[in-house]
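The structure appears right after this line, and notes come after that.
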Amino acid sequence: MFTSTKQELLNPAQISQTLGINPNNIKRLTGEGYLEVKKQVSFKNGVMQLFNSTQVQALIPAIPRIKQAWERYDNYHQGGNKMAQARANRHQSYQDKVNRKEQFLNSLNELPQELHEILKVAYYLYYLNHYAKAGSSYLYDLKETVLRTLVKNYYQRTDWLKISFIEGTNKILLCPKCRAKANNQRLSYLEYLDKTGGCFKCTKEYKYYSLYEFTICWQDYRFCFHTPYSTAKRWFNKQALPPCKECPEREGAYAFGRAIYASEAKAVELIEVIDVLQNFLALFNIEPLIDT
Ligand SMILES: [Zn+2]
């Protein structure tokens, strides 16, 4: 729980838990004037907004009414039947998702302690990635910290962690002359680049689109994560650089031979995700990045 000094401000994970909403709906509450951003915390990969705890608490009784209003608005704008159908599906599958999560976590109990811990971390990291992609990019800081910790402590010491380097193209920024030429030819900069490849004066950011691919794999379990080359290149010794691979795999999670659905996120709350990952990091004396 919160310590007394931090009681005044809540982050999106804490608000989602308090109000029983998805982190994306916090933007909606802000947009509609129910919540006010009190502070912004800058992470490497984005900004985390903080809100006044008293304001959040005061909203609790109003949430059912607000959710109904959202429902009416969405029905009106997106077609009632479709929305009712989607709601029914969501409701039906919620228990299903909770069951699957339990099934997954229980299945880990039979494994050796280290693998149990690592596959659990991979499972929650998959959901963290999902939340980050859905608009909370500051969460990539936590993803990077977890992957860096795995590299530091397990890379080349275990069978279950494999890392590859996937070379991407360079990013090219057109020089002023080329930009003018593109304008003259009524081409977008991208179209001009495709057509000409730019000139020697255009700026090139070497390997800009390259990445490292992390797979955590054990029997029927398989997780795949990506991190930009520029982020992870310093994590490796020059003598132990990951091997090159031609083509990236999709980021994702597989258990019992099937892909884990991104929509399962409703059964895996953001605050739980952050908690599990930060507890793992604490084993390596890494301080929490986000309050829970
Ligand atoms: Zn140029």
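The values are calculated or read from the model by the stated rules, or taken from the named source; none is laboratory data. Note that the structure is a prediction, hence the values are computed from the model and not measured. Here the Cβ positions follow ideal geometry from the backbone for every residue, glycine too, while neighbour counts run over all protein chains shown.
A few comments on the model shown:
- Selection count where residues are charged (D, E, K, R) and either part of a helix (DSSP H, G or I) or more than 21 Å from residue 137 (Cα to Cα) (or both), scope region 26-63: 3
- Of all residues in region 143-165, at least one satisfies being touching a residue at least 40 places away in the same chain (Cβ under 8 Å) and closer than 15 Å to residue 13 by Cβ.
- Some residue of region 116-129 being polar (S, T, N, Q) and assigned by TED's automatic domain parsing to the domain that holds residue 259: yes
- Checked against the criterion of being among the charged types (D, E, K, R) and touching a Phe, Trp or Tyr at 6+ places or on another chain (Cβ under 9 Å), the candidates 186, 179 yield just one match: 179.
- The residue list 81, 22, 45, 11 contains one member that is of a type in the set (S, T, N, Q), under 26 Å from the mean Cα position of the chain (by Cα) and modelled with pLDDT under 90, which is 22.
- Residue count for region 148-197, restricted to those that are near the ligand (Cβ under 10 Å from one of its atoms) and at pLDDT 90 or above: 11
- Here region 166-181 is the region considered, the condition is being of a type outside the set (D, E, K, R) and touching a residue at least 40 places away in the same chain (Cβ under 8 Å), and the residue that is farthest from residue 233 (Cα to Cα) is 169.
- Of the numbered criteria (1) outside any helix (DSSP H, G or I); (2) at pLDDT below 95; (3) surrounded by 11 or more Cβ atoms within 10 Å (Cβ to Cβ), the one residue 100 fails is (1).
- Residue that is surrounded by the most Cβ atoms within 10 Å (Cβ to Cβ), among those in region 153-210 that are aliphatic (A, V, I, L, M) and assigned to a strand (DSSP E or B): 163
Yes or no, residue by residue, for (1) touching a strand residue (DSSP E or B) at 6+ places or on another chain (Cβ under 6 Å); (2) modelled with pLDDT under 90:
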position	(1), (2)
202	yes, no
207	no, yes
218	no, no
222	yes, no
229	yes, no
